[in-house]
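Engineer: Next up is a structure, given as structure tokens.
The values are calculated or read from the model by the stated rules, or taken from the named source; none is laboratory data. What you see is a predicted model; the values in this text were computed from it and never measured. All Cβ positions, even for glycine, are placed from backbone atoms using ideal geometry, and neighbour counts span all protein chains on display. Protein only, heavy atoms only, side chains kept; ligands, DNA and RNA dropped before computing areas. Shrake-Rupley method; radii C 1.70, N 1.55, O 1.52, S 1.80 Å.
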Amino acid sequence: MGEPLHEDISNYTVDDQLGRTELVYITVKGFNQTAIVAKIIDRKGNKSLGLTSVTNTSQRRYSSGKIWFTDLDLTDFTDDAMASGDTIDSVEPYHVAFSGDLTAFTAGDRLGIASPDGQRSLANDWMAYLHTADFSADRERVLVVSTGFDTIQELDLRSGSGEPVWEWNGWDHGITYSETAGRHYVRNPADAERIRAEDPTVEVVVVENPRDWPREGLATQETPLNLNGVFYGPGEEHILATGYHRSDLFVIDRNGGFTQHDLGLRHPHSFRAVSSESLADGGREALGYGYEYMVSNTGAGQLLLLDADLSVTAIVDVGSLPADAEKQAGFGEWLQTVSFLDEARGLVAAVDALRDGVHLVDLVGRRRRFIPNPPNWTIQTVAAITPAHVRNMLAVAD
């Protein structure tokens, strides 16, 4: 195929009415973003050690955050608007998923499940620093990723305890070496013996019992993958995953095997399939290119659209938009996550940590709108939600 279409978002038409009727959830995982930015600038843009406000990784603790439900009929995200709206206090929230009458939200080392009947909290020893959640089509299972231990789990919702029915850990499949820490991590002594036999000079850490570690799991700089996003692929035959430290996309088989697609990404997020079969005005080709998947090339400030073979068909780039010069030089581009607000219309929300705000982008009509947020907010995700699922979550929070 030819070169992907490169779209400069600054050429899109600014539309101040774009997305104003959309109902969204906003996960603010903490309110210390100013300190995080200052630390990254001091490190001259090096984000490989993670994006926390502390320098000593042993001091890493879950932040107190909020999930805010709001429409987008506002000019700015502000503390006052959040305080006067519908919110839920949560330990470091990252993501909300919903299907049928069920809602799931990640909160530190626990997964909350809300329904009209109430709420339950699921947790086990390998859950640490949970990021994304995704329901199976039959709503009997939910897929979660434990960033702190590089572990994917599929939980059975039919059992009251939410027992894992499928698990994948990158360390068990040969991805053991942490470049930033300079050591290997494994879950069983036999793997450690094998690695030491191959190279007696290397350091190998065995994480056999996760209870021996902080409830946040390993620090970002220690994890070999730092899995940060996991979603079902089409037909749920494969699992789609990204790792903070990896330049490639992972497609994981149910038998544990996997393929890697190296796209030269920088700290990617949001790799997922697009479920809508068509877009407005004649399908995906209305954009001038087809796509089946999307991913946020976070450190490059880009949304990538991919075809069925995971080749890039289009790059939507925010890098030419104005930004604070000092922050741009020291912190760099950071398009945290990209989520669809309306797949059928090609409407997405992209969280921009460099510019302290959220881009609303109409991929079909080439329109855009920007909503700023306070610089101390650490927003992870902005995505569409239904009124019924908001009611479920607010009811159990009362």
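Engineer: Which net charge results for the neighbourhood of VAL202, defined as the other residues with beta-carbon distances under 10 angstrom from its beta-carbon, given Lys and Arg at +1 and Asp and Glu at -1?
Structural biologist: Counting the neighbours of VAL202, the net charge comes to -1.
Engineer: While we're here: First select every other residue whose beta carbon is under 13 angstrom from the beta carbon of VAL348; then total the charges, Lys and Arg +1, Asp and Glu -1.
Structural biologist: Taking every Cβ under 13 Å from that of VAL348, the sum is 0.
Engineer: Whose amide H sits under 5 Å from the amide H of ASN32, counting only residues 5 or more places off or on another chain, with H placed in the peptide plane?
Structural biologist: Here THR378 satisfy the definition.
Engineer: Looking at [x] 1.02; [y] 1.12; [z] 0.94, which value of Rg/Rh (Cα atoms, Kirkwood Rh) comes from a calculation on the structure shown?
Structural biologist: [z]
Engineer: Work out from phi, with θ = phi - 60° and the Karplus expression 6.51 cos²θ - 1.76 cosθ + 1.60, the ³J(HN,Hα) of each residue of region 189-199, listed in order in whole Hz, and give x for Gly and Pro.
Structural biologist: Those phi angles translate into x, 4, 5, 5, 4, 5, 5, 5, 5, 6, 8 Hz.
Engineer: FRET efficiency for GLU237 and SER159, Cβ-Cβ distance as r, R0 = 35 Å, nearest 0.05?
Structural biologist: The value I calculate is 0.90.
Engineer: Pop out the carbon and sulfur fraction of the accessible area of the chain as a percent, whole number, probe 1.4 Å.
Structural biologist: Exposed carbon and sulfur together represent 45 percent of the surface.
Engineer: Can you give the FRET efficiency to the nearest 0.05 for PHE31 and GLU326, using r as the Cβ-Cβ distance and R₀ = 30 Å?
Structural biologist: 0.90
Engineer: Please give, to one decimal in nm, the separation of the simple spin-label points placed at TRP166 and THR21, each 7 Å out from Cα toward the Cβ.
Structural biologist: 3.8
Engineer: ARG43 to GLU292: FRET efficiency via 1/(1 + (r/R0)^6), r the Cβ-Cβ distance, R0 51 Å, to the nearest 0.05?
Structural biologist: 0.90
Engineer: Lys/Arg Cβ at +1, Asp/Glu Cβ at -1, dipole of the chain taken about the Cα centre: which of TYR232, VAL358, PHE331 is farthest positive-ward?
Structural biologist: Result: PHE331, furthest along the dipole toward the positive end.
Engineer: Could I ask something else about it? Tell me, what HN-Hα J-couplings in whole Hz come from the Karplus equation 6.51 cos²θ - 1.76 cosθ + 1.60 at θ = phi - 60° for each residue of region 203-217, using x for Gly and Pro?
Structural biologist: 8, 10, 10, 9, 9, 7, 10, x, 5, 7, 10, x, 5, 7, x
Engineer: A follow-up question, please. Only four residue types carry charge here, +1 at the Cβ of Lys and Arg and -1 at the Cβ of Asp and Glu. Report the dipole size of region 22-138 about the Cα centre in Debye, rounded to the nearest 20.
Structural biologist: Taking the Cα centre of region 22-138 as origin, the dipole is about 920 debye.
Engineer: Under a point spin-label approximation (7 Å from Cα along Cα-to-Cβ), what is the HIS6-ASP262 distance to one decimal in nm?
Structural biologist: In this crude spin-label approximation the distance works out to 2.2 nm.
Engineer: Please list the non-local residues whose amide H lies under 5 Å from the amide H of LEU341, H modeled 1.01 Å from N, same-chain partners needing a gap of 5 or more.
Structural biologist: Under 5 Å from the amide H of LEU341 lie the amide H atoms of LEU347, VAL348, ALA349, each far enough along the sequence or on another chain.
Engineer: Taking θ = phi - 60°, what integer Hz values does the Karplus form 6.51 cos²θ - 1.76 cosθ + 1.60 yield along region 33-47, in sequence order, with x for Gly and Pro?
Structural biologist: 4, 4, 5, 4, 4, 4, 5, 5, 4, 5, 7, 6, x, 6, 9
Engineer: Given 0.36 nm per residue, what is the gain on full extension from ASN188 to LEU394 after removing their alpha carbon distance, in nm?
Structural biologist: Separation in residues times 0.36 nm, less the Cα-Cα distance, equals 70.0 nm.
Engineer: Under 5 Å between amide hydrogens, which residues at least 5 positions from GLY357 or on another chain qualify, with H placed 1.01 Å from N in the peptide plane?
Structural biologist: Counting only residues 5 or more places away or on other chains, the set is ASP352, ASN373.
Engineer: Any chance you could check the Cα centroid distance between region 300-348 and region 138-192 for me, in angstrom?
Structural biologist: Measuring centre to centre over Cα atoms gives 28 Å.
Engineer: About the Cα centre, and with charges only on the beta carbon of Lys, Arg (+1) and Asp, Glu (-1), how big is the dipole of the chain? Nearest 20 debye, please.
Structural biologist: 860
Engineer: To continue, here is another question. Quick one: how many Å² of LYS66 are accessible to a 1.4 Å probe, rounded to 10?
Structural biologist: Roll a 1.4 Å probe over it and LYS66 shows about 50 Å².
Engineer: Using +1 at the Cβ of each Lys and Arg and -1 at the Cβ of each Asp and Glu in the chain, identify which of LEU18, SER84, THR176 lies farthest towards the dipole's positive end.
Structural biologist: Farthest towards the positive pole: SER84.
Engineer: Taking just the alpha-carbon atoms of region 14-142, what radius of gyration and Dmax come out, in angstrom?
Structural biologist: Gyration radius and largest Cα-Cα distance of region 14-142: 17.0, 50 Å.
Engineer: Compute, for PHE69, the solvent-accessible surface of its heavy atoms (probe 1.4 Å) with the complete set of protein chains present, and express it in square angstrom to the nearest 10.
Structural biologist: Using a 1.4 Å probe on the heavy atoms, I get roughly 10 Å².
Engineer: Where does the charge balance sit around PHE331 when Lys and Arg score +1, Asp and Glu -1, over other residues with C-beta under 14 Å from its C-beta?
Structural biologist: +1
Engineer: OK, next. Roughly how big is region 117-159's charge dipole about its Cα centre, with Cβ charges of +1 (Lys, Arg) and -1 (Asp, Glu), in debye to the nearest 20?
Structural biologist: 100
Engineer: Right, here's the next one. Pick out, in residue order, every one of the GluC sites (Glu not before Pro) in region 158-248 that is DSSP loop and has at most 14 other C-beta atoms within 10 Å; say none if there are none.
Structural biologist: Within region 158-248, the qualifying GluC sites (Glu not before Pro) (loop, at most 14 other Cβ atoms within 10 Å) are GLU179, GLU203, GLU208, GLU237.
Engineer: Let me ask you something else. Near LYS327, which aspartates and glutamates are there with a Cα under 15 Å away, not counting those fewer than 8 places off in the same chain?
Structural biologist: Once the sequence-local aspartates and glutamates are set aside, what remains near LYS327 is ASP42, ASP352, ASP356.
Engineer: Placing +1 on the Cβ of each Lys and Arg and -1 on the Cβ of each Asp and Glu in region 137-266, which of ILE152, TYR244, ASN255 has its Cα farthest towards the positive end of the resulting dipole?
Structural biologist: In region 137-266, that residue is TYR244.
Engineer: For SER311 and LEU74, calculate 0.36 nm times their separation in residues minus their Cα-Cα distance, and state this gained length in nm to one decimal.
Structural biologist: Gain in length upon complete extension: 81.6 nm.
Engineer: Also: Roughly how many whole Å is it from the C-alpha centroid of region 7-50 to that of region 57-108?
Structural biologist: When both Cα centres are located, 15 Å separates them.
Engineer: I would also like to ask the following. What nm value, rounded to one decimal, do you get for the distance between ASP101 and ALA344 when each label is placed 7 Å out toward the C-beta?
Structural biologist: Between ASP101 and ALA344, the label points sit 2.4 nm apart.
Engineer: Separate question: I'd like to compare 24-31, 373-380: which one has the highest average count of other Cβ atoms within 10 Å, and what's the full order after that?
Structural biologist: 24-31, 373-380
Engineer: Something else: Region 226-257 to region 367-398: how many Å between their Cα centroids?
Structural biologist: After rounding, the separation between the Cα centres reads 25 Å.
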